[in-house]
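Take a look at the structure below.
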């Protein structure tokens, strides 16, 4: 009896030590882990197109090459078509931003005077709240910290470029040899878990891929709608840049739409009149369109994760990995929800139903 307890104790210690070693190794190789996470998300997103081509009897490796060539050609063509105009507007917007912020501060102080708030103590507190420059500095500093977090993870611009290239190469390899890779990984698990896990791989990839496909498509549609709407409202000078900003930030769940609206609202306030109200209504209308039409139609119920857990995924991903984490962690949580549901919750409910009957 004592000999058996010693064996169990040693086994537990070995497992704990192994878990600690693996955790420390993953932390030391966190750059590679993040690149692999991004590669898996890319592969899951592109897998349906490769599977469809394979059904048309196109060799899988050839389908992967053709798909990547098509995507690269499309991105380069789009960059050449609208890239110069977008960057020119972004540069002009950044150059005029300090002037706009000064105008907003003057407008805010004018409203304070109109409201008759003349008490020195009250004015001092209001001036602290309306210190636009300080708020802007805080916003830029926070954004910079998020960018630096992603930047430092990839060890600079060169490291970032190599990370993107490596993620693309790994995703192509995962797509081309997915069956062999999956079989090799699940074979490490004991029976019957190997078979159970292999049955879930396709569902996990489908959930992750559908989520990213939907977010990209919704963000692209919103970017176009916002650009057209702003041009119609009279902000043609920055319409493409503001639409691009809103489209990119919309990839981040929950906070992205708010972040994307701030630059447009700053421009609208500075230009005065009723423009701020119309721009605010435009963003509210498009946000409702996304929430009640585009997301259910294009993203649907692919996530199947409670909003609170999605929010925690965004916050946790942002805290650890910066902006990159805010984008790639939610699909991983959605994929993990498949395993949790199919391997634990459903069997638990079935066992409970059998025991009650």
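Just one of the numbered conditions (1) surrounded by fewer than 20 Cβ atoms within 10 Å (Cβ to Cβ); (2) closer than 26 Å to residue 208 by Cα is not true of residue 278: (2). None of 202, 160 is at pLDDT 80 or above and surrounded by 14 or more Cβ atoms within 10 Å (Cβ to Cβ) except 202. Only a single item in (1) buried (at least 19 other Cβ atoms within 10 Å of the Cβ); (2) within 25 Å of residue 193 (Cα to Cα); (3) without any contact (Cβ under 8 Å) to a residue 24 or more places away in the chain is not met by residue 346, and it is number (1). Of the residues 56, 31, 27, only one is under 25 Å from residue 213 (Cα atoms) and at pLDDT below 80; which? Testing whether each residue is under 25 Å from residue 213 (Cα atoms) and at pLDDT below 80 leaves just 31. Being loosely packed, with under 15 Cβ neighbours inside 10 Å, without any contact (Cβ under 8 Å) to a residue 60 or more places away in the chain and out of contact with any strand residue (DSSP E or B) (no Cβ under 9 Å at 6 or more places or on another chain) is a condition met by at least one residue of the range 326-340. Considering the range 287-310, the residues that are modelled with pLDDT of 80 or more and within 18 Å of residue 212 (Cβ to Cβ) include one that is surrounded by the fewest Cβ atoms within 10 Å (Cβ to Cβ), namely 294. For the range 183-199, taking the residues that are surrounded by 14 or more Cβ atoms within 10 Å (Cβ to Cβ) and at pLDDT 80 or above, the one that is farthest from the chain's Cα centre (by Cα) is identified as 196. Within the range 89-110, none of the residues are closer than 30 Å to residue 171 by Cα, modelled with pLDDT of 70 or more and surrounded by 14 or more Cβ atoms within 10 Å (Cβ to Cβ).
Here is the figure for the range 30-53: residues that are under 18 Å from the mean Cα position of the chain (by Cα) and either closer than 17 Å to residue 202 by Cα or free of Cβ contacts under 8 Å to residues at least 12 places away in the same chain (or both) total 10. Just one residue in the set 259, 265 is within 30 Å of residue 99 (Cβ to Cβ), in a helix (DSSP H, G or I) and within 17 Å of the chain's Cα centre (by Cα); that residue is 259. Scanning the range 186-201 for residues that are more than 15 Å from residue 44 (Cβ to Cβ) and assigned to a helix (DSSP H, G or I) returns 186, 193, 194, 195, 196, 197, 198, 199.
The values are calculated or read from the model by the stated rules, or taken from the named source; none is laboratory data. Values in this document were obtained by computation on a predicted structure and should not be read as measured data. Virtual Cβ from ideal backbone geometry, glycine too; neighbours counted across all protein chains shown.
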